[in-house]
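Undergrad: Structure incoming, see below.
The values are calculated or read from the model by the stated rules, or taken from the named source; none is laboratory data. It should be emphasised that the depicted structure is a prediction, and the values quoted were computed from it without experimental measurement. Note that we place each Cβ from the backbone using ideal geometry, even for glycine, and neighbour counts take in every protein chain shown. Please note that ligands, DNA and RNA were not included when accessible areas were found on the heavy atoms of the full protein model with its side chains. Shrake-Rupley method; radii C 1.70, N 1.55, O 1.52, S 1.80 Å.
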Amino acid sequence: MTDLLMNRSAVWAGLLGACAVLASFSAPAPRPVAARSRTFVLTTTATVPVPPAGTKSLDVWLPVPHADASQDVRDLKIDSPVPYKIEMGAFGNQMLHLQLAVAPTAPLVLKLTAQITRREHLNLSATGQAAKPAKKEKADPNMARWLAPDRLVPLDATIRQQAQEVVAKANAKTDLEKARAIYEHVVSTVTYDKTGQGWGRGDIYYACDARRGNCTDFHAIVIGYCRSLGIPARFSIGLPLPTERGKGEIKGYHCWAEFYTTETGWVPVDASEAAKNPDKRNYFFGAHDENRVEFTRGRDVELAPKQAGPPLNYFVYPYAEADGQPLDVARKYEFADAR
């Protein structure tokens, strides 16, 4: 009888062990979320007018989309009636530059075409969906710049106090909690509204007082509050694409931001899109969708070679100078999704 019980115990032990092995095979680790992507042809057409009579020198700069971890740029083609150079500016920004010693007598038409693949930028560790970033990012050599003020985003005592009040109200302790509190505050209290005057410059004082504006105004508060609390934050600008696939003209620009913590790395945020699309409020903390193309990073931009005028508030549209004076340039952006 004792032998029979021992044999039964051994059988049960074997069955339980087999079940444990099977369970280990039947419960695989969760797969990482696959980032969405979008491939399209982007065409930029810039028309430089005839400069004033007597102009001795004409300089033109056009932003050129650059490749990075979220964006591939292929088959770049440039149609220009005059020689040009592709220059590299600060923060990896690329730009076409041309200089004419003799002013043209007819408008100058420049056309840039490229195939872009834009990938969704996700940081799941920022929202607790992953224990740590999927892969270690390259160190940003400009980290000190992303803690410094911009001309329209000062980091003075008033801005610092406002930021501290936001995080204190949310009882935020870590940098990630503080950045989330700032994001939630901006999305909750600023309205996407492009009426009247003052909006669109990314002036943090205007945005804080008026509590309305476009993407530059939203993200002026985000980067300003983060930086004032010692959290690096950077600004990017480019073009939005409609969610529907197809082709058409892109009428305006779009900008977004990222902040950095040692635990998460760079975290993408888009406060203005969250305000426009309340159902995506959680999504846009830790994500940039694929419906965009980035042109340049940073504000107070110095071009390459340096322009005669002051730094540009941001660089998303063509810029020209006639004898060092700004000259308006007509532009048109078109996209066509790959089939």
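Undergrad: Rank Ser272, Ser57, Ser228 by mean-square fluctuation in a GNM of the chain with C-alpha springs under 10 angstrom and give only the top-ranked residue.
TA: Ser57
Undergrad: Roughly how big is the chain's charge dipole about its Cα centre, with Cβ charges of +1 (Lys, Arg) and -1 (Asp, Glu), in debye to the nearest 20?
TA: Details: 41 positive and 37 negative charges, 99 e Å.
Using only the charged Cβ atoms, the result is roughly 480 debye.
Undergrad: Would you kindly work out the equivalent ellipsoid of the chain from its C-alpha gyration tensor and give its semi-axes, the square roots of five times the eigenvalues, largest first in whole Å? It would help to have the intermediate numbers written out before the result.
TA: Working: eigenvalues 457, 140, 57 Å².
In descending order the semi-axes read 48, 26, 17 Å.
Undergrad: Can you give the relative contact order of the chain as a percent, counting alpha carbon pairs under 8 Å and 6+ residues apart? If you can, show how the numbers build up before the last one.
TA: On the way: 681 pairs, mean separation 80.6, N = 339.
So the answer I get is 24 percent.
Undergrad: For the stretch 185-273, calculate the relative contact order in percent as a whole number, restricting contacts to Cα pairs under 8 Å that are 6 or more residues apart. Write down the numbers at each step before the final one.
TA: Numbers: 147 pairs, mean separation 22.7, N = 89.
With pairs under 8 Å counted, the relative contact order is 26 percent.
Undergrad: Taking the chain as a Gaussian network, where each spring joins two C-alpha atoms under 10 Å apart, which residue of Val267, Val329, Val102 fluctuates the most?
TA: Val102
Undergrad: Which residue fluctuates most in the GNM of the chain (Cα springs below 10 Å): Asp217, Asp140, Asp289?
TA: Largest GNM mean-square fluctuation: Asp140.
Undergrad: Can you check how the C-alpha radius of gyration of the stretch 135-233 compares to 2.2 N^0.38 Å, as a plain ratio? Kindly include the intermediate steps, with their values, before the conclusion.
TA: Working: Rg = 13.6 Å, N = 99, 2.2 N^0.38 = 12.6 Å.
In units of the globular-protein estimate, the stretch 135-233 measures up at 1.08.
Undergrad: Okay, moving on. Keeping all protein chains in place, calculate the accessible area per residue for the chain (probe 1.4 angstrom), answer in Å². Working shown, then result.
TA: Numbers: 17260 Å² over 339 residues.
On a per-residue basis, 51 Å².
Undergrad: Roll a 1.4 angstrom probe over the protein heavy atoms and tell me the percent of accessible area of the chain that is carbon or sulfur. Let's see the in-between values first.
TA: Numbers: 9620 of 17260 Å².
The value for the chain is 56 percent carbon and sulfur by accessible area.
Undergrad: Let me ask something additional. Expected output is a single nm value to one decimal: the length gained when fully extending between Gln129 and Ala53, i.e. 0.36 nm times separation in residues minus the C-alpha distance. What is it? Working shown, then result.
TA: Details: separation 76, 0.36 × 76 = 27.36 nm, distance 6.14 nm.
Here the segment from Gln129 to Ala53 would lengthen by 21.2 nm.
Undergrad: Tell me, in nm to one decimal, what length is gained between Asp193 and Ala69 on full extension, where the rule is 0.36 nm per residue of separation less the Cα-Cα distance?
TA: Gain in length upon complete extension: 41.5 nm.
Undergrad: Lys pairs in the stretch 231-339, Cα-Cα under 28 Å, at least 8 apart or on separate chains: how many?
TA: Within the stretch 231-339, the lysine pair count is 9.
Undergrad: Where does the chain land at 222 nm, in deg cm²/dmol rounded to the nearest 500, when only DSSP H runs of n ≥ 4 count, each adding -39500 (n - 2.57), divided by all residues?
TA: Details: 6 runs with 80 residues, N = 339.
Mean residue ellipticity, 222 nm, calculated: -7500 deg cm²/dmol.
Undergrad: Taking the chain as the reference, fit the longest principal axis to its C-alpha atoms, fit the long axis of helix 175-189 to the helix C-alpha atoms, and give the angle between the two in degrees, 0 to 90, nearest 10.
TA: 60
Undergrad: Multiply the residue gap between Arg245 and Lys280 by 0.36 nm, knock off their C-alpha separation, and tell me the result in nm, one decimal place.
TA: On the way: separation 35, 0.36 × 35 = 12.60 nm, distance 1.96 nm.
That works out to 10.6 nm of additional length.
Undergrad: In terms of Cα to Cα distance under 15 Å, which aspartates and glutamates are near enough to Lys169, apart from those fewer than 8 places away along the same chain?
TA: By straight Cα distance, Lys169 reaches Glu177, Glu184.
Undergrad: May I have the extent of the alpha carbons of the stretch 193-297 along their three principal axes, as whole Å values ordered from largest to smallest?
TA: Each principal axis gives a Cα extent; for the stretch 193-297 these are 42, 36, 28 Å.
Undergrad: In percent, how large is the relative contact order of the stretch 250-315, given Cα pairs closer than 8 Å and 6 or more residues apart?
TA: Normalised by residue count, the contact order of the stretch 250-315 is 20 percent.
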